[in-house]
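Take a look at the structure set out below.
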């Protein structure tokens, strides 16, 4: 991932245009578009099928009550993705490489193992989501949907060999499909906008089951593999020749990260809002993607159900490709070697096939994979804080005190939620929460 191949004219033109912008030879609002791409790719991790599963359950069971969790998780994600991108720009190294170079060997291998488990949990959700969407939309068996998803994903990944720009455009197109689909859903669903606005900013936790779901929402929103990947996407994209150019690259990156993740956050909120508007009043037990699809058709019409499936399919295919890219970067960064992309794709598909073959409820598997991700999340978060606050590594780009405090608070919140969930799992009563 750190090597830039220039076999494609789009990539060569993008690098040349980026250097013109940094040198001051190209100005205007279009100049920023040259640097658009890394955050768009990372943002797909925040709209993957795991988000569909947790957000549908949250909206159906609790209405708009957990919208604030989505908002909080997205704000945390913006901060950590911006820090990851900055690390890549300033150091020319990605987060996994920094861990290998600066941390004790006894810590590196367990971190790599945990990150690989997280990448596999991610791919389980993404691969299953794409397969479910294809299966329902085209009325084909789930295994056939999985096979088609595998082929299409691999086809997208082949574009990596042509430079960074082609795959950025492909993923950006699929992100646009997801966004447009949910914009359409908002016009179809009977949304109580006042309640949605209230619960987006006022925290509430109805019961202990809502807490488990909240941890799943955070695991589905703030993604470990996306934090690793973003630093790899920026580390050698348009090389900076001095501190002033690095400063400009960081500014462009921050703007893109805020914009891309704001879109992702709105899509996630739209998922909860749609599920709440469609299911909460009379179908609060809807918890599976398949059930959501079959229930949407009679409630909001066939168009709403079809749009839902198209967005799920686009999400699963694009996020599966991005998940494989991240897994490759994590392996190469931590242990210094890479394997052929088809081998990586095959290995990460096997858990999904095993889940289907075992007859496991696919939506339950999606939600639990997000809980696993939440437990793996503190690893890249803590590592990123440690590196980006060090002046010997970041120089003038080291985190300010305000950013440092915000990042530590975000990581502490995730850790605290995980501890509470663990206590709940082992039967401990959570004060102030009913069993649900």
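No value in this document is a laboratory result; all are computed from the given coordinates. Bear in mind the structure is a predicted one, so any value in this text is a computation, not a measurement. All Cβ positions, glycine included, derive from the backbone under ideal geometry; neighbour counts span all protein chains shown.
Things to note:
- Nearest 10 degrees, 0 to 90: helix 302-335 Cα axis against the chain principal axis: 40
- Principal-axis analysis of the Cα atoms of the chain puts helix 289-300 at an angle of about 70° to the longest axis.
- Paramagnetic reach from residue 285 (point 7 Å along Cα→Cβ, amide N under 19 Å) across the range 292-311: 292-299
- The structure shown yields volume of the Cα convex hull per residue in Å³, and of the options (i) 234; (ii) 179; (iii) 143 that calculated value carries the label (iii).
- Of the peptides 88-95, 143-150, 204-211, the ranking by mean beta-carbon count within 10 Å, highest at the top, reads 88-95, 143-150, 204-211.
- Only helices enter this figure: runs of n ≥ 4 DSSP H residues, each worth -39500 (n - 2.57), summed and divided by the residues of the chain, yield -25000 deg cm²/dmol at 222 nm to the nearest 500.
- Prolate/oblate/rounded label for the range 70-110 (Cα gyration tensor, a/c 1.5): oblate
- Highest-fluctuation residue, 151, 414, 307 considered, GNM on the chain with Cα pairs under 10 Å: 151
- Three-way shape call for the range 9-61 based on the alpha-carbon gyration tensor, with the a/c threshold at 1.5: prolate
- Axis angle, to the nearest 10 degrees, between helix 164-188 and the longest C-alpha principal axis of the chain: 30 degrees.
- Rounded FRET efficiency, nearest 0.05, which uses the C-beta distance separating residue 12 from residue 103 and R0 of 51 Å: 0.90
- Overall form of the range 136-248 per C-alpha gyration tensor (a/c, 1.5; a/b vs b/c): oblate
- Each peptide among 272-280, 38-46 gets the average number of other Cβ atoms lying within 10 Å of its residues, and from highest to lowest they stand as 38-46, 272-280.
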